[in-house]
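Report on one structure; see the data block that follows.
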Protein chains: 2
Amino acid sequence: MRTKYHEQLDEYDRTLVAMARLVRAAMVRATDALLTSDLALAESVISDDRGIDLLYADLEARSLQLVALQAPVATDLRGLISGLSILASLERMGDLAVHLAKLARLRYPNPAVPSELHGVIREMSEVADRIVGRTAEVLATRDVPGALDLAVIDNDMDRLHSDLFKTVLAPTWPYGVETAVDLTLVSRYYERYADHAVTIGKRVVQIVTGEPYNSATFR
Amino acid sequence: MRTKYHEQLDEYDRTLVAMARLVRAAMVRATDALLTSDLALAESVISDDRGIDLLYADLEARSLQLVALQAPVATDLRGLISGLSILASLERMGDLAVHLAKLARLRYPNPAVPSELHGVIREMSEVADRIVGRTAEVLATRDVPGALDLAVIDNDMDRLHSDLFKTVLAPTWPYGVETAVDLTLVSRYYERYADHAVTIGKRVVQIVTGEPYNSATFR
């Protein structure tokens, strides 16, 4: 028989997936704002982040309440406790999208990213979208191989991040210091976004298997 | 009567404070490695981070076990659950010290930071040291006003971070793109380090008062 408690757990899990989708949309829109110098879009990414923050606060309060009142055990307990770390990562991913949007706003009406570099930023945003899309699936299905695969997608991001650094630091870099600084930060935001997805994957493995986070499985 | 359970809670809290002290020492040593181009010191910061990671894994496992076996309530429950977020922040602060050490290593035998800019980096490291020192105290005492004060110290860091950006982006910046990129990242590492201290402060308030994290108290 389904109890109210189990319904609450399911509802919690569904909301976590919904939060991942919001964070995904925020990054897509932030990238567009950055590459098209769209001030209105940038502003909306920034203001919409409040919704992600509220969801974070709500889900955290719900999980604390469920732990306190229901004394869950095993997978349910791990789902709620590791869920807190997942929540924190998702909230932070939303913040990283906001950082991109704020950069678009800061440089407006000038473009923050020279058009010759749109390609690499598009690639980074595609990897970001791929990894967060898979993350939402992994959250919905608790698929362990899928969760471990997130680290493989993250390798693509690390390669792009490293390539971008080489471009910025090449003696032929034509865009000056401000653009170098902007691109350094942009690249780091995407890279951190993907790192958080990997962290979420590890937490899902922990929920399913009970394997401690940061164990040898992940090295 | 003191029970074994309460002894375990006390031991957990003491280890959390010890972890904050390790993270503090890591940052002091990383800054020295960076400003004196000391490769051996940089290497030791990098390898010693393994100890912080192990402490993280150990404390997290202990808190999960205590929650599962003792079904703590109220302050004890919040101490363990919010403790997980505190642990995650401390672990991340250790990583940020490692990032500084890795930059010192990458540029060795050249200095990553030109000597004319040592002053501002010293200032940032002093604020970092002040905020993490206060954080360790706040963790030990659960002093709510002290916890809220961390955000005030963080304002000093934000100001230094913003000043450094102005220096890097000034038309008179004489050091070229590579140093601009390095300084951008260095400044961001210190700034994030202080942000994590503020997050820890909020979690301590949550433990003591039950006030939800990210509530209006912190705005």
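Between the residues A:Ala97, A:Leu84, A:Ala71, the greatest Cα displacement towards the positive end of the dipole of region A:67-109, with unit charges on the Cβ of Lys, Arg, Asp and Glu, is found for A:Ala97.
Share of carbon and sulfur in the accessible area of region A:1-85 stands at 58%, probe radius 1.4 Å. Look at where the Cα atoms of region B:38-108 and of region A:1-72 average out, and the two centres are 26 Å apart. Counted over all Cα-Cα pairs of region B:125-214, pairs farther apart than 24 Å make up 31 percent.
Placing +1 on the Cβ of every Lys and Arg and -1 on the Cβ of every Asp and Glu, with no other charges, gives region A:113-159 a dipole of roughly 120 debye about its Cα centre. Taken per residue, the accessible surface of the protein assembly as shown reaches 42 Å², heavy atoms only and a 1.4 Å probe. Hey, if you put +1 on the Cβ of every Lys and Arg and -1 on every Asp and Glu Cβ in the protein assembly as shown, which of A:Ala25, B:Ala30, A:Pro145 ends up farthest toward the positive end of that dipole? Farthest along the dipole direction, towards plus: A:Pro145. Compute log10 of I(q)/I(0) for the protein assembly as shown with the Debye formula, placing one identical point scatterer on every Cα and leaving out solvent, at q = 0.06, 0.07 Å⁻¹, to two decimals. With one equal scatterer per Cα and no solvent, log10 I(q)/I(0) is -0.25, -0.34. In order along region B:23-31, the phi-based Karplus estimate (6.51 cos²θ - 1.76 cosθ + 1.60, θ = phi - 60°) of 3J(HN,Hα) comes to 5, 5, 4, 4, 6, 4, 5, 5, 4 Hz; Gly and Pro are listed as x. Computed over chain B, the per-residue total of -39500 (n - 2.57) for DSSP H runs of n ≥ 4 gives a 222 nm mean residue ellipticity of -30000 deg cm²/dmol, rounded to 500. Distances between copies of B:Thr15, taken at a point 7 Å out from Cα along the Cα→Cβ vector and listed shortest first: 3.1 nm.
Dipole check for region B:1-70: with +1 at the C-beta of Lys and Arg, -1 at the C-beta of Asp and Glu, and the Cα centre as origin, the magnitude is about 260 Debye.
Magnitude of the charge dipole for region A:52-167, about its Cα centre and with charges confined to Cβ atoms of Lys, Arg (+1) and Asp, Glu (-1), is about 260 debye. The A-B contact accounts for approximately 2700 Å² of buried accessible area, totalled over both chains at a 1.4 Å probe radius. Placing a label point 7 Å from Cα along the Cα-to-Cβ axis, B:Ala74 is separated from the same position in the other copies by 3.2 nm, shortest listed first. Panel note: the C-alpha atoms of chain A, placed on their principal axes, show extents of 65, 38, 21 Å (largest first).
Sequence-distant contacts, meaning Cα pairs under 8 Å at least 6 residues apart, place the relative contact order of chain A at 28 percent. Farthest toward the positive end of the dipole of region A:162-209, out of A:Ser187, A:Ala170, A:Ile200, is the Cα of A:Ile200, where the dipole comes from beta carbon charges about the Cα centre.
The values are calculated or read from the model by the stated rules, or taken from the named source; none is laboratory data. Quick caveat: nothing in here was measured; it's all calculated off a predicted structure. Every residue, glycine as well, gets a Cβ built from its backbone with ideal geometry; the counts of neighbours run over all protein chains shown. The area values use the complete protein model at the heavy-atom level, side chains included, leaving out ligands, DNA and RNA. Shrake-Rupley method; radii C 1.70, N 1.55, O 1.52, S 1.80 Å.
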